[in-house]
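> Sharing a structure below in structure tokens format, with a few things to ask.
Values in this text are rule-based calculations from the coordinates and carry no lab data. Just so we're clear, the structure is a prediction, and the values are computed from it rather than from any experiment. Counting neighbours? That spans all protein chains shown, and the Cβs are built from the backbone with ideal geometry, glycine included.
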Amino acid sequence: MERAHSSTPLLVCAVAWVIPGGGHLWQGRWSKGLIFLVALPVMFGIGLALEGRLFPFELSQPLVALAACADIGIGLMYFVSKAAGLGAGQVTAITYEYGNAFLVVSGLLNLLVVIDAYDIALGRK
């Protein structure tokens, strides 16, 4: 399949990171792009609904900092949620760890989607 737009791979990566599936949509990969555009934000929303925590960058706690890097992988949704005061986490909630898992995995999956969009932009796929 040909690329819909002639663009630099780094620009495609930026769009793919900011909006899950955006890099695929930009390149004309409509079915994959729409699936990512729906599935990843839904995962992120489930994580928030399950009282998960959006981890802060605390370099004194390396695992918390790594979780924050994973969370930020979802792109714009992370910053919007933080600004709205969402993702404080409720440690006493039964679903807290499940929520954390959904938040972290949605961010990491989006980073894999960014890599896929990059490969498409380079013509490897």
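> Scan the range 107-116 and tell me whether some residue there is touching a His at 6+ places or on another chain (Cβ under 8 Å) and surrounded by fewer than 21 Cβ atoms within 10 Å (Cβ to Cβ).
Of the residues in the range 107-116, the ones touching a His at 6+ places or on another chain (Cβ under 8 Å) are 113, 116.
Still in the list and also surrounded by fewer than 21 Cβ atoms within 10 Å (Cβ to Cβ): 116.
Looking through the range 107-116, at least one residue is touching a His at 6+ places or on another chain (Cβ under 8 Å) and surrounded by fewer than 21 Cβ atoms within 10 Å (Cβ to Cβ).
> I've got another one for you. Kindly indicate the residue of the range 36-67 that is among the aliphatic types (A, V, I, L, M) and surrounded by 19 or more Cβ atoms within 10 Å (Cβ to Cβ) and also farthest from Gly22 (Cα to Cα) among those meeting that condition.
Leu50
> From Ala67, Ala84, Ala14, Ala49, grab the single residue that is more than 17 Å from the chain's Cα centre (by Cα) and of a type in the set (A, V, I, L, M, F, W, C).
Answer to the selection: Ala84.
> To continue, here is another question. So Leu63 ticks every box in (1) in contact (Cβ under 8 Å) with a residue 12 or more places away in the chain; (2) over 22 Å from Leu10 (Cβ atoms); (3) of a type in the set (A, V, I, L, M, F, W, C) but one. Which box is left unticked?
(1)
> Give the residues of the range 79-100 that are hydroxyl-bearing (Ser, Thr, Tyr) and surrounded by 13 or more Cβ atoms within 10 Å (Cβ to Cβ), sorted by residue number.
Ser81, Thr95, Tyr96, Tyr98
> When you scan the range 94-104, do you find a residue that is small (Gly, Ala, Ser), touching a residue at least 40 places away in the same chain (Cβ under 8 Å) and in contact with a Phe, Trp or Tyr (Cβ under 9 Å, 6 or more places away or on another chain), even just one?
As a first pass, look at the range 94-104 and keep what is small (Gly, Ala, Ser): 99, 101.
If we keep only those that are touching a residue at least 40 places away in the same chain (Cβ under 8 Å) as well, we get 99, 101.
Now narrow it down to the ones that are in contact with a Phe, Trp or Tyr (Cβ under 9 Å, 6 or more places away or on another chain): none.
The answer is no, given that none of the residues of the range 94-104 is small (Gly, Ala, Ser), touching a residue at least 40 places away in the same chain (Cβ under 8 Å) and in contact with a Phe, Trp or Tyr (Cβ under 9 Å, 6 or more places away or on another chain).
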